[in-house]
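Chemist: Mind having a look at this structure? Questions to follow.
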Amino acid sequence: MAAPHLADESRSLRAFAPALVLLAISFLINYVDRGNVSVAGPLLKSEFNLSATQLGILFTAFFISYTGMQFVMGWLVDHFDVNRILAAGFLIWSLATATTGVVRGFILLFVMRLILGVGESVALPAGSKILARCLPEHHRGFASGALMSALRTGNAVGTFGAGFLMTRYGWRPVFIGIGLISLLWLPAWAKWKPPYVRNAPHQHSSVQTWEIFAKRSFWGTTLGHFACNYLFYFMITWLPSYLVLARHLSMASMIRIAGLYYTVDAIAAIGGGWLQDFYIRKGHSCTVVRKAGMGIAFSLGAIGVMGCALAGADTYLPWLMVAGVGCGLSAPGIYAFCQRIAGPEAVGRWYGPQNGFANFAGIMGPSLTGFVLDHTGSFFWPFAVTSAISLLGVVAWVFIVGKVEPLSWKAVDKSSAQLRAQALPEGH
């Protein structure tokens, strides 16, 4: 009787809280580590005499391995112990971060960025798998929002906190220190990792990737996730430059405004997830609640971005905050939709490719913005493109994605039926 009781208890948000906190910390560290090279870019360029092209290649290296490995990690977390896979990935990316502070030369830096991408690629698919396994639907919005809020906080911490430390102590000690201190997360995870995942009977789901790709909802969530990432990466990579170059802020003022935007984004992510769960617990349709949340989020994002682009010097700030609210509100859905639709059996192989395709926004978005900016001399058109892609997100989440209900996987149903037949006594 102990095992079922443990499973039931672990499904409550309170029992899952220590694991959720640790997952959130891992997501925060993940985004601090991936952004450190961008913060250290001017220092690296000077120390190693890198060209702008080499620096761009160094920035892109992470996304090359990270995006490619999403398709692999989704399969791995569906077939093996997700807790151990997450721990292994965390170890790899922490050591890669620390080692980056030691190596010398462009080639070794490039290799470390590739290794970092491999390690960090496990976090989001593993987190989605764990939430799908451990929490009922009416808690997943808050949990998903908490994790998305953590990674957004990681961007702010990495940009401003690590940047401040680099100006005082140099980039090498910061990389080494963050990488080694992060390892303290591993023993905490070993103690508080979710017992429901650890003790649940291991299931080798026979759902094939082609079955997932054949679902219209998969391409809807993927296109919607791409739109979410485009706005997200646009604000991470270009907001500081926009505030300095277009709004003529000082560096100190830019840090305050950008920090406020990232804070609003993070609060909206966790608050939006909680609000969706609240309405689901009240008995409202999961499909209506989740889709309404995404429709409102991307509409606010599109309106806020265009409002900011068209506003004058004294009126752009409220529009920027509207965009931050929209970006944050979109965050829980990119996790919660696939957990509900794919189910615990296939969520890894659904979310991995979804995130892989969506991360092409991180490869093409910042460079497209720079290209458009060079050819127009104005931030208006980059903002207009971002707004249009946000509207595309409304179409994807509301109209292309079908009902936000669990799909019936024929392979899983057949396997379950065979297991039930084997369990019946002879003659039944």
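Chemist: Of the conditions (1) under 23 Å from the mean Cα position of the chain (by Cα); (2) buried (at least 23 other Cβ atoms within 10 Å of the Cβ), residue 242 fails just one. Which one is it?
Modeler: The failed condition is (1).
Chemist: Can you say whether residue 331 is small (Gly, Ala, Ser), in contact (Cβ under 8 Å) with a residue 24 or more places away in the chain and either under 19 Å from residue 387 (Cα atoms) or surrounded by 21 or more Cβ atoms within 10 Å (Cβ to Cβ) (or both), as far as the supplied structure shows?
Modeler: yes
Chemist: Next up: Quick one: in segment 135-186, of everything that is in contact (Cβ under 8 Å) with a residue 12 or more places away in the chain and β-branched (Val, Ile, Thr), which residue is farthest from residue 87 (Cα to Cα)?
Modeler: Step by step, filter segment 135-186, then rank; the result is 159.
Chemist: Another question, then. Given the criteria over 18 Å from the mean Cα position of the chain (by Cα), at pLDDT below 95 and surrounded by fewer than 22 Cβ atoms within 10 Å (Cβ to Cβ), does residue 318 qualify?
Modeler: Values: over 18 Å from the mean Cα position of the chain (by Cα): yes; at pLDDT below 95: no; surrounded by fewer than 22 Cβ atoms within 10 Å (Cβ to Cβ): yes.
Answer is no for this residue.
Chemist: Does residue 65 count as surrounded by 23 or more Cβ atoms within 10 Å (Cβ to Cβ), assigned to a helix (DSSP H, G or I) and of a type in the set (S, T, N, Q)?
Modeler: So residue 65 does not fit the description; no.
Chemist: So which helices (runs of 4 or more DSSP H) are wholly in segment 168-283 and hold at least 2 residues that are modelled with pLDDT of 85 or more?
Modeler: 171-182, 185-192, 209-213, 216-245, 251-281
Chemist: Let me ask something else. Answer yes or no as to whether residue 277 is surrounded by 19 or more Cβ atoms within 10 Å (Cβ to Cβ), among the acidic types (Asp, Glu) and under 27 Å from residue 364 (Cβ atoms).
Modeler: Numbers: surrounded by 19 or more Cβ atoms within 10 Å (Cβ to Cβ): yes; among the acidic types (Asp, Glu): yes; under 27 Å from residue 364 (Cβ atoms): no.
No; evaluated as a whole, the condition is false for this residue.
Chemist: From the list 117, 74, pick out the single residue that is within 19 Å of the chain's Cα centre (by Cα) and either farther than 18 Å from residue 40 by Cβ or assigned to a loop (DSSP other than H, G, I, E, B) (or both). Give the steps one after another, and end with the answer.
Modeler: Values: 117 fails: either farther than 18 Å from residue 40 by Cβ or assigned to a loop (DSSP other than H, G, I, E, B) (or both).
Being within 19 Å of the chain's Cα centre (by Cα) and either farther than 18 Å from residue 40 by Cβ or assigned to a loop (DSSP other than H, G, I, E, B) (or both) holds for just one of 117, 74, which is 74.
Chemist: With touching a helix residue (DSSP H, G or I) at 6+ places or on another chain (Cβ under 8 Å), surrounded by fewer than 20 Cβ atoms within 10 Å (Cβ to Cβ) and touching a residue at least 24 places away in the same chain (Cβ under 8 Å) as the only criterion, which of 72, 37 stands out?
Modeler: Details: 37 fails: surrounded by fewer than 20 Cβ atoms within 10 Å (Cβ to Cβ).
Result: 72 is the single residue among 72, 37 that is touching a helix residue (DSSP H, G or I) at 6+ places or on another chain (Cβ under 8 Å), surrounded by fewer than 20 Cβ atoms within 10 Å (Cβ to Cβ) and touching a residue at least 24 places away in the same chain (Cβ under 8 Å).
Chemist: Would you mind listing the helices (runs of 4 or more DSSP H) fully within segment 309-400 where at least 2 residues are in contact with a Leu (Cβ under 7 Å, 6 or more places away or on another chain)?
Modeler: Working: elements: 316-358, 360-376, 380-395.
Per the criteria, 316-358, 380-395.
Chemist: Hey, another quick one. Only one residue in 124, 86, 108 is out of contact with any Lys or Arg (no Cβ under 7 Å at 6 or more places or on another chain), modelled with pLDDT of 90 or more, surrounded by fewer than 18 Cβ atoms within 10 Å (Cβ to Cβ) and part of a helix (DSSP H, G or I). Which one?
Modeler: On the way: 124 fails: surrounded by fewer than 18 Cβ atoms within 10 Å (Cβ to Cβ); 86 fails: surrounded by fewer than 18 Cβ atoms within 10 Å (Cβ to Cβ).
From the options 124, 86, 108, the qualifying one is 108.
The values are calculated or read from the model by the stated rules, or taken from the named source; none is laboratory data. Keep in mind that this is a model prediction, so the values were computed, not measured. Counting neighbours? That spans all protein chains shown, and the Cβs are built from the backbone with ideal geometry, glycine included.
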